[in-house]
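Written out below as structure tokens is the structure these notes cover.
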Amino acid sequence: MRSVKASRSQKRVEDAGCIVVTGASSGIGEATLRLFAAKGFKAIGIARRGQKLITITDQLKRSGLAAYWYECDLSDKTATTRVSEQILVEHGCPQAVVFNAGVSANKNFSENNSSDRLDEMTLNYLSPTWMLDVFLPQAQKRRSGHFLAIGSLAACTSFPGNATYAASKAALAALWQSIEHEYAHAGISFSTVLPGLIETEMTEKLSAWIPKRSAQSVADLIYKTFEKPGMAKTNGVENQAILTMTRLFPETTQNIITSLQSFIVPKRKKS
Ligand SMILES: NC(=O)c1ccc[n+]([C@@H]2O[C@H](COP(=O)([O-])OP(=O)(O)OC[C@H]3O[C@@H](n4cnc5c(N)ncnc54)[C@H](OP(=O)(O)O)[C@@H]3O)[C@@H](O)[C@H]2O)c1
């Protein structure tokens with residue numbers, strides 16, 4: 001009975017293809033990797049903390065799921081290209097890539113030095129373009145593929161206190177929207193998910209009046225978006241309301257946020 005179950009799940013994995021998730025060692029990426037593996041995909045996680053990836057993928061494998069890991073600093077162009085090429089060789093062209101790895105300085109502009117800005121722009125915006133350089137031509141040959149960018153609500157609605165992070169996520173969202181036109185007839189999809197405030201390592205030092213949603217809620221939205229591609233999807237009614245307000249009444253929304261900023265802007269907790 002055990003071997004029948006194993007071969008069925010193996011068949012499911014072969015049918016489903018492989019999904020790459022960057023930044024899979026914690027938070028939204030970890031929840032997404034686990035979800036895709038549970039749905040029967042061959043789930044491939046990338047991050048710098050190899051030990052965390054080993055723990056996560058070993059646990060998934062013990063449950064009979066297909067999970068693989070690659071340790072890589074995705075802010076390094078050579079290493080990013082190399083790991084993407086290695087995945088192509090070892091697993092073939094992924095059916096989808098979730099560009100989730102990200103960094104946020106969580107600082108006011110005046111405190112945010114040029115190294116913080118470079119880190120945000122490199123990992124949040126440039127690194128996905130280096131991976132696309134490797135995966136896009138293969139997806140184009142196959143005439144299928146789905147590239148999902150994890151942006152942020154901050155890419156559309158301006159919040160004070162994290163301006164250069166917002167700029168890096170806006171760059172990513174704009175890239176995705178524009179590139180989508182180029183590949184509209186190539187059978188390739190581009191989607192963006194723009195989470196609001198989420199309870200993860202990234203925000204553990206922030207206290208906020210707005211409730212933090214779970215990483216799982218974003219993973220669920222990423223999976224739904226994988227099934228039904230689209231731009232600027234967000235999780236939670238409050239974030240949907242903010243996004244709609246920004247689209248319909250950009251100036252009013254800007255003014256409301258400016259006047260309420262002392263309440264709504266997440267504050268750094270005193271350590
Ligand atoms: N939390 C929020 O409120 C929120 C809101 C909107 C959008 N987002 C976005 O959601 C994504 C995931 O963030 P999270 O909230 O889940 O935070 P997180 O728990 O801190 O996860 C960040 C992930 O990125 C990886 N990473 C960081 N630097 C990397 C590098 N140089 N190379 C490879 N991987 C790297 C981290 O792994 P290693 O440290 O092991 O490398 C980790 O797996 C980010 O793009 C973030 O901007 C988060």
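Give me a count of the residues in segment 34-50 that are within 16 Å of the ligand (Cβ to nearest atom), in a helix (DSSP H, G or I) and of a type in the set (G, A, S). Talk me through it step by step, then tell me what you get.
Of segment 34-50, the ones within 16 Å of the ligand (Cβ to nearest atom) are 34-37, 43-50.
From what is left, the residues that are in a helix (DSSP H, G or I) are 34-37, 50.
Applying the additional criterion that residues be of a type in the set (G, A, S) yields 37, 50.
Looking only at that region, the number is 2.
Candidates in segment 53-103 are the residues that are over 12 Å from C18 (Cα atoms) and acidic (D, E); of these, the one that is nearest to the ligand (Cβ to nearest atom) is D73. Go through T225, T253, T244 for me and flag whichever is in contact with a Lys or Arg (Cβ under 8 Å, 6 or more places away or on another chain) and either aliphatic (A, V, I, L, M) or assigned to a helix (DSSP H, G or I) (or both). Sole residue among the options that is in contact with a Lys or Arg (Cβ under 8 Å, 6 or more places away or on another chain) and either aliphatic (A, V, I, L, M) or assigned to a helix (DSSP H, G or I) (or both): T225. Of the residues making up segment 167-203, just one is surrounded by fewer than 15 Cβ atoms within 10 Å (Cβ to Cβ), in contact (Cβ under 8 Å) with a residue 24 or more places away in the chain and not in a helix (DSSP H, G or I), namely G187.
Filtering segment 148-163 to residues that are assigned to a helix (DSSP H, G or I), surrounded by 21 or more Cβ atoms within 10 Å (Cβ to Cβ) and out of contact with any Gly (no Cβ under 8 Å at 6 or more places or on another chain) leaves A154, A155. For segment 214-221, the criterion of being modelled with pLDDT under 95 and away from the ligand (no atom under 12 Å from the Cβ) is met by none of the residues.
Right, T129: closer than 18 Å to S152 by Cα, among the β-branched types (V, I, T) and surrounded by fewer than 17 Cβ atoms within 10 Å (Cβ to Cβ) or not? Before the answer, list the steps.
Values: closer than 18 Å to S152 by Cα: yes; among the β-branched types (V, I, T): yes; surrounded by fewer than 17 Cβ atoms within 10 Å (Cβ to Cβ): yes.
Criteria met by T129.
With respect to (1) in a loop (DSSP other than H, G, I, E, B); (2) crowded, with 22+ Cβ neighbours inside 10 Å, the lone exception for L53 is condition (1).
The values are calculated or read from the model by the stated rules, or taken from the named source; none is laboratory data. Only a predicted model underlies this, so the values are computations on that prediction, with no experimental measurement involved. Using ideal geometry, Cβ is built from the backbone for each residue, glycine included, and neighbour counts are taken over all protein chains shown.
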